[in-house]
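*Asks:* Have a look at this one.
Coordinate-derived values only; no laboratory data. Please read these numbers as outputs of a predicted model, since none were measured by experiment. FYI the Cβ positions are ideal-geometry reconstructions off the backbone, even for glycines, and counts take in every protein chain you see.
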Amino acid sequence: VIVMTSNIGSHLIQSMADKKQAEIKEAVFEELKNHFRPEFLNRIDEIVVFHGLDKGNIANIAKILLKNLSERLAKVDM
């Protein structure tokens, strides 16, 4: 199993946040075709487009990270 990641099409994902996942995937695939040769893309079994994070998700991640930092600082008496 080989996993490859890319930021290609990330601007599309952000700008199409209100669209259906199938529409976003198609737009990202078109963007991939502009960057990679067909011979390369045809060797890939599956392309997975991840959902972007909304403000709520980002806030939750920030809370977790701040809590972890606070706990680490408390251990060293800061």
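*Asks:* Straight distance only, please: which aspartates and glutamates reach the Cα of residue 25 with their own Cα at less than 14 Å, same-chain residues fewer than 8 apart left out?
*Replies:* Excluding near neighbours in sequence, the set is 46.
*Asks:* How high is the FRET efficiency between residue 60 and residue 40 when r is their beta carbon distance and R₀ equals 35 Å, given to the nearest 0.05?
*Replies:* That pair, residue 60 with residue 40, gives E of 0.45.
*Asks:* In deg cm²/dmol, rounded to 500, what helix-only [θ] at 222 nm does the chain give when every DSSP H run of at least 4 residues adds -39500 (n - 2.57) and the total is split over its residues?
*Replies:* Mean residue ellipticity at 222 nm (helix-derived): -18000 deg cm²/dmol.
*Asks:* So, one more: If R0 is 35 Å, what FRET efficiency do you get for residue 74 and residue 7 from their C-beta distance, rounded to 0.05?
*Replies:* 0.45
*Asks:* Out of these labelled values of Cα Rg over 2.2 N^0.38 Å, (i) 2.27; (ii) 1.60; (iii) 2.43, which was calculated from the coordinates shown here?
*Replies:* The calculated read-out lines up with (ii).
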